[in-house]
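A.B. asks: Here it is: the structure, laid out below.
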Amino acid sequence: MREVMKLEINNNIQIDNETEMIHEIHDCQFIEKGSYVYLNYINAEGERVVIKANHEELLMTRFSNPKSVMRFHRETPALVNIPTPLGVQHLITETSHYQFDLSQQRLHINYVLKQTETGDCFANYELRIQWY
């Protein structure tokens with residue numbers, strides 16, 4: 001089943017004592033396949049982004065150059081590689097709250113991005129995604 005919908009992303013990011021709030025709304029293509037939902041959209045930079053989610057995990061792939069993949073698992077820390085101007089950063093996502101609600105068409109994740117070598121916290125995030 002493929003549907004064209006709106007995708008709303010709200011992300012509160014806290015780095016040290018500063019908070020940044022991101023709010024985006026995009027047209028997206030919704031696909032339900034097996035136990036996963038797929039939300040495909042084009043971000044503000046013109047890059048294709050695919051969100052793949054179910055009750056256990058979320059993968060967000062940004063088809064940039066180089067490609068960026070973020071992974072969030074409800075129970076296990078996940079290794080992620082994020083391209084930056086300083087090169088690819090190897091970080092860990094540690095999820096403290098993961099709520100996927102297909103009937104309400106929303107997803108809520110609280111997570112921390114940590115340095116792989118030291119375990120130091122880079123930033124705290126509260127990510128809310130809904131499609132309608």
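A.B. asks: Counting only C-alpha contacts under 8 Å and six or more residues apart, can you give the relative contact order of the chain as a whole percent?
C.D. replies: After rounding, I find 20 percent.
A.B. asks: Here's another thing I want to ask about it. Name the shape class, rounded, prolate or oblate, that the alpha-carbon gyration tensor gives for the range 54-132, where a ≥ b ≥ c are the square roots of its eigenvalues, rounded holds for a/c under 1.5, and otherwise prolate holds if a/b is larger than b/c and oblate otherwise.
C.D. replies: oblate
A.B. asks: For the range 36-96, which chymotrypsin sites (Phe, Trp or Tyr not before Pro) are in a loop by DSSP, counting at most 16 other Cβ atoms within 10 Å?
C.D. replies: Passing both the DSSP loop test and the Cβ count: F63.
A.B. asks: Just checking my list [x] 11.0; [y] 8.2; [z] 12.0 against mean projected area of the Cα convex hull in nm² computed from this structure; which label fits?
C.D. replies: Of the labelled values, this structure produces [y].
A.B. asks: Taking a spot 7 Å from the Cα of R48 along the direction of its beta carbon, which residues of the range 20-38 have an amide N less than 15 Å from it?
C.D. replies: Correct set: 28-31, 38.
A.B. asks: Treating the beta-carbon of each Lys and Arg as +1 and of each Asp and Glu as -1, no other charges, what is the dipole magnitude of the range 43-132 about its Cα centre, to the nearest 20 debye?
C.D. replies: It comes to approximately 280 debye.
A.B. asks: Now for a separate question. Under the rule that an exposed site lies in a DSSP loop and has at most 11 other Cβ atoms within 10 Å, name the longest stretch of the chain with no GluC sites (Glu not before Pro) of that kind, not counting the sites themselves.
C.D. replies: Of all site-free stretches, the longest is 1-44.
A.B. asks: Compute a Gaussian network model of the chain, connecting alpha carbons closer than 10 Å, and tell me which residue from D27, D16, D120 fluctuates the most.
C.D. replies: Highest fluctuation among the options: D16.
A.B. asks: Between A123 and H97, how many nm apart are label points set 7 Å from Cα along the C-beta direction?
C.D. replies: 1.9 nm
Each reported figure results from applying straightforward, stated rules to the coordinates on display, with no laboratory input. Only a predicted model underlies this, so the values are computations on that prediction, with no experimental measurement involved. No Cβ is skipped: glycine too gets one built from the backbone with ideal geometry, and neighbour counts run over all protein chains shown.
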